[in-house]
Amino acid sequence: MRRSLASRKPHARRWEPPQSTGVSASVDAEIAQIRDALTARMGEITVAVVEAIRSEIPFYADAGAVSEEMVTAAVHDNLSYMVRALTDSDFDTAPAAATGRTRAEIGVPLAAIMHAYRIGVHRVWQEVHAIAEARPGLSRQALLLATQHMWEAQDAFVDAMAGAHRDRTTEQALDDAAERAALAEYLLQGHIPSDQSLWEIATLLRIPTTGPYLAVAAATVDVGRSPLSGIADRLRAIDAYSAWRLLPDQQIGIIHAPTPAMRTAVIDLLRRVAVARVGVSAPFGDLRDTPHGLNFARRELVGPGTGVSVFDGSVLGTAAIAAPETTVDLARGVLRGLYELPDDDREPLFATFRAWVAHDGNVKDAAAELFVHPNTVRHRLRRVEQLTGRSVGSPREVAELCLAFEVDARVRLRVGTSRDVTA
C-alpha cells in the first residue's frame, strides 16, 4: 500500500563535503579562512541578496505576500548553513526543507523560490571571488575545493527545499480536494452544517451564488472511478463553474449555467465525456433547490442505454418520474398492445405519436418532420388508438397516452406476451 505523505520522512538529510584525499592541512586552513570571511560578512550579504530577490522576482516584490522579516531570516539561515558546509561535516538540510514547506503553505511558487536560491548562491560565489582577489596568497586548490563544496551544498539544499515544497503542495491539494468533496455533498444533499450557510458553502466551492444551475448524476462503471473524468477542469475551460462528489455508484455535481448558450455547451461537453448514462436536471435558479434538482437528475438514470438524458422540467416529465411505481404500471397497461408488436411495426407508431404531440396535434407538421404523407400519420394514429383503447380525440385519454409515452421515453418498458421486462 502506498504510504501517505504524512508518513514520509522530511526532506532533510545529513550532508558531508566530499573527502579530499591528499589535501594538506594548509589547504584546510585556507578554506576555513574563506568560511570565516564569508561568515563575517553574512549580514551585508543577506541584505544584498534580499534586495536582489525583491527587485528581480515579481512574487517577492510585494511585502504583503512574504514579509521582509521572513525573507531576511530565510536567506540568512540558508546561506549561513551553506557557508558552514565548506568545512563542517555536521550539517543537514533541515533549514532548506523548512523553507520549502513554509513557502508552499503561503502559496509561494516553487519557481520563485528556486530563483531566490540562485540569487543567494551566486552572491556567495561573488564574495568568494572578491576574497580571492583580496588575498592573493590563497592557493588555487583551496579556492577550487571551496567552490566545489559550495555548489554541492547548493544542490543538496535545493533538492531538500524542492522536495519539501512539492510534498506540502500535494498535501494541501489533497486536503482541499477532500474538503471540496465534503462541501459539495452538503450542497447537493441539502445537509448544511449549522455553522455554515448554503451561500457560504457555494462561495467556498467557488460557485456563483446566483443561478441558474444544473444538477448532474452520472452512473459509475467501476466503483471508485469517475465516470466523468476531469469534468471540473473541462467545464472550467468553457467558463462553467462546478462542484462534484464521487459516490460508490454515482458521480453527482452542480454546474453554474446562467445562460441558454452555456447550458447547451455544458450538455454538449457532458455528451463528449460520458462513458455511461448521465442524468441532468432542468435549470433551477435557487441554491435551496439543489437537492430537488439532483433528485430529478438521478431519476433520468433510470432510462435505457447510455448517453445524456436531460430532464425538461415539464409537467408530463415530472409526473413520469416523480412516482415511477405508479406511472410504470400505467404505461404497461396503456402500451401493452404496442409492445407486443415487432420492432419494425412498433417504432413508426411511437415516432408518429411523439411527432404529433410535439407539433400540438398538427398532422401536416408531424408528417413533414417524419417525411411521410399526412394520411400516413392519420393511419398510424388510428392504429395507436386501436392498440391502446384510447382515443386521440378525448382530452382525458390523450393525457393518459401522453403520460404513458413519456414514461416509455424515460424508462423504456418492454412488455412481452409471457412476462414484463423493464430495460
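The values are calculated or read from the model by the stated rules, or taken from the named source; none is laboratory data. Worth saying up front: this structure is predicted, and the values here are computed from it rather than measured. Glycine gets a Cβ as well: all are built from the backbone with ideal geometry, and neighbour counts include every protein chain shown. Only protein heavy atoms, including side chains, enter the accessible area calculation; ligands, DNA and RNA are left aside. Shrake-Rupley method; radii C 1.70, N 1.55, O 1.52, S 1.80 Å.
When the Debye formula is applied to the Cα atoms of region 198-313, each taken as the same point scatterer, what base-10 log of I(q)/I(0) results at q = 0.10, 0.14 Å⁻¹? Results for region 198-313 at q = 0.10, 0.14 Å⁻¹ read -0.24, -0.49. Taking 0.36 nm per residue of separation and subtracting the current Cα-Cα distance, fully stretching the chain between residue 166 and residue 343 would add 57.7 nm. Computed over region 322-411, the P(r) curve from all C-alpha pair distances, binned at 5 Å from the origin, holds 3, 14, 26, 26, 19, 8, 3, 1 percent per bin.
Placing a pseudo-label 7 Å from each Cα along the Cα-to-Cβ vector at residue 135 and residue 288 gives an inter-label distance of 7.8 nm. For the residues 82, 70, a 1.4 Å probe over the protein chains yields an accessible-area ranking, largest first, of 70, 82.
Extending 7 Å from the Cα toward the beta-carbon at both residue 155 and residue 77 defines two label points whose distance is 2.5 nm. Between residue 394 and residue 44, the simple label model (points 7 Å from Cα in the Cβ direction) yields a spacing of 10.6 nm.
All distinct Cα pairs of region 24-172 go into the 1/r average, and the inverse of that average, the Kirkwood radius, is 15.8 Å. If R0 is taken as 45 Å, the Cβ-Cβ distance between residue 222 and residue 70 corresponds to a FRET efficiency of 0.45. Computed with a 1.4 Å probe over protein heavy atoms only, the accessible surface of region 24-172 comes to 46 Å² per residue.
Extension gain for residue 373-residue 272 works out to 32.7 nm (0.36 nm per residue, less the C-alpha to C-alpha distance).
The length gained by stretching the chain between residue 329 and residue 206 to full extension, at 0.36 nm per residue less their Cα-Cα distance, is 39.9 nm.
Just to verify a number: FRET efficiency for residue 126 and residue 25, C-beta to C-beta distance, R0 = 35 Å, to 0.05? After rounding to 0.05, the efficiency reads 0.80.
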